1. Rounded to a whole number, what % of the accessible area of the chain do carbon and sulfur atoms account for, probe 1.4 Å?
2. What is the sum of charges around LYS277, taking Lys and Arg as +1, Asp and Glu as -1, for the other residues whose C-beta is under 14 Å from the C-beta of LYS277?
3. Over the heavy atoms of THR179, what accessible area does a 1.4 Å probe trace out, to the nearest 10 Å²?
4. Given the Cα-Cα distance of ILE120 and ARG96 and 0.36 nm per residue of separation, how much length would full extension add, in nm?
5. Find the accessible area per residue for segment 1-81; the probe is 1.4 Å, ligands and nucleic acids are left out, and the unit is Å².
6. With a point put 7 Å past each Cα toward its Cβ, work out how far ASP314 is from SER105 in nm, to one decimal.
7. Where does the chain land at 222 nm, in deg cm²/dmol rounded to the nearest 500, when only DSSP H runs of n ≥ 4 count, each adding -39500 (n - 2.57), divided by all residues?
8. For segment 27-56 and segment 93-142, what is the centre-to-centre distance using only Cα atoms, to the nearest Å?
Amino acid sequence: MIDVLAVLFFLLIIWNIKPVDPLRDIFSDYLSVSNGKAWRGIFTVLVLFHHLSQRTESGQIFRVFEQAGIIGVSLFFFYSGYGLMKRHTTTTAYHRGFIKKRLPSIYVPYWTATIIVLLINALFGYYFTPEVVLLALIGIKPVVMHAWFITVLLMFYCIFWLLMLLFRNHYWLMVTGATMWWGGWIWLCTELDYGLWWYNTAHMLIIGMIWALVGDKVVSSLPINVLWVFPVAGYLITAIRIRENGDLLVPISYGSLTWAQLTTVFFILSWLFFMMKLRVGNQIARYLGGIAIEVYLAQGIFQTWLRSDYLYIDSDFYYAVACTLGAIGVGALLNIVNTHILVAYRKKFHVS
């Protein structure tokens, strides 16, 4: 019965899908804000189902999500890297006020989610030391499940700001600096024995930066009809990588890590060319994209407490539905709260 959720996910993608007209053309605004919001919504659901599939055992189609998490996170990182570099290349003095503009948009949702997790744990008699709370609020050691994503994003924002200060309009030096950070990040994570998910998609931040610099040139240099080849080839490569009984996309060595990273690059490039020919998006997807970070941070609360010593939903289907609706519902409420906080912050500190 849980496979119903997989079918609904598919419907979320194809509902209101529109091909380019005429077919020989492409959508020039394929990476627009509106398009990006719809895809963030779709991939937020994908990541949510990925985490749920790791905690459930039933279903045939739904099992595919267990191996697809790396694909969803890759898109978010790609969009972040692309958006930052695109803004930097098209905005005068983008580095000015960058920290006070960008970090609160990540920290505020993260802090509200962290406070909720701390309060829920306190309600059930679980308390954290002041040191743990401090490290959690900074983002070094999150207590919010799956919040490693926020830690990596915050770090990259700071690195990107430093690179702007150092290299200004020397964009390829910025890419080189970001690549050096990425290599150092992999080394640090392995030294600290962090899980591979802390670093096996971080390279997509750099791929996003590169696409912001060369994407238009690449597209304009290719025959438009050839663009259909890339999605097919890329998805086939991804499917081949995602086929092996439970091992798929789980790198266990530097060799397989490289293969996993190439897989995400193939997929994202294929997805880019796919978007040039087909416009995907609907009001539900766009709405979910607008509350994506809150849904992402809220999901762990339900995944943990709906199968705990205090409450245990035995049915995989009802558990998955409850977690999904709970994450979206709380995410929507948190988005309202966070929006008010950010508006007040920007007004007080004159942040445009």
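The values are calculated or read from the model by the stated rules, or taken from the named source; none is laboratory data. Source: prediction; values computed, not measured. Neighbour counts run over all protein chains shown; Cβ positions are idealised from the backbone, glycine included. Remember, those area values only see protein heavy atoms, side chains included, never the ligands or the DNA or RNA. Shrake-Rupley method; radii C 1.70, N 1.55, O 1.52, S 1.80 Å.
1. In the chain, the share of accessible area belonging to carbon and sulfur is 68 percent.
2. Local net charge: 0.
3. We get 50 Å² for THR179.
4. Net length gain for the segment: 4.8 nm.
5. In whole numbers, segment 1-81 has 45 Å² accessible per residue.
6. 4.7
7. -23500 deg cm²/dmol
8. 24
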